[in-house]
1. Please verify whether the range 10-23 includes one or more residues that are within 17 Å of Leu71 (Cα to Cα), assigned to a loop (DSSP other than H, G, I, E, B) and either of a type in the set (Ser, Thr, Tyr) or under 13 Å from the mean Cα position of the chain (by Cα) (or both).
2. Looking only at the range 29-65, which residues are touching a residue at least 40 places away in the same chain (Cβ under 8 Å) and in a loop (DSSP other than H, G, I, E, B)?
3. Filter the range 55-71 down to residues that are surrounded by fewer than 17 Cβ atoms within 10 Å (Cβ to Cβ) and out of contact with any Lys or Arg (no Cβ under 8 Å at 6 or more places or on another chain) and give me whichever is farthest from Lys127 (Cα to Cα).
4. Which of the residues belonging to the range 1-37 are among the acidic types (Asp, Glu) and touching a Phe, Trp or Tyr at 6+ places or on another chain (Cβ under 9 Å)?
5. Can you find, within the range 68-83, the residue that is modelled with the lowest pLDDT among those that are in a strand (DSSP E or B) and under 8 Å from the mean Cα position of the chain (by Cα)?
6. For the subset of the range 85-136 comprising residues that are within 18 Å of His33 (Cβ to Cβ) and of a type in the set (Lys, Arg), which member is surrounded by the fewest Cβ atoms within 10 Å (Cβ to Cβ)?
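The values are calculated or read from the model by the stated rules, or taken from the named source; none is laboratory data. Being a predicted model, the structure only gives us computed values, none of them experimental. Every residue, glycine as well, gets a Cβ built from its backbone with ideal geometry; the counts of neighbours run over all protein chains shown.
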Amino acid sequence: MVAKHLLEIMKDKGCKITPQRRLIIEILENGSHKSADEIFNEVKKKQPNVSFGTVYRNLNILNDLGLVRELDFKDGCNRYELAGKHHHHLVCLGCGKAIELEMCPLQHKVEEAVNEHNFEIATHSFKIYGYCSRCR
């Protein structure tokens, strides 16, 4: 079931809810950190006539709307996840596995810097690159 709140946000922002956009959100609900190719292959199973360009364009639209986040795990392709709960990642440089950190390890320091410089954060990301136990 596609997250109703995401569809409501799309509607509120004047963005048409197309079958492709609905399907992309559904795919990302069932597993994040997917590449555009992986998402395209899953979309194609349900909509055989869809092009890669259509999927990629819709990922960019959903990213611009703040519904999807584009991630760079230094593995040669960008990955995507649904925007939502704030979190960060441990990323394996060997296999590309990404482990979500449910907390912000630098939250206190970020708040200090924001207050000191009277700065308003739009977003931030934090990734730690290394090797998982399997790749070490």
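1. No.
2. If the condition is that a residue be touching a residue at least 40 places away in the same chain (Cβ under 8 Å) and in a loop (DSSP other than H, G, I, E, B), then Ser32, His33, Leu65 are the ones that fit.
3. Ranking the candidates gives Arg57 first.
4. Once the filter is applied, which keeps residues that are among the acidic types (Asp, Glu) and touching a Phe, Trp or Tyr at 6+ places or on another chain (Cβ under 9 Å), the range 1-37 yields only Asp37.
5. Here the residue is Leu71.
6. Lys85
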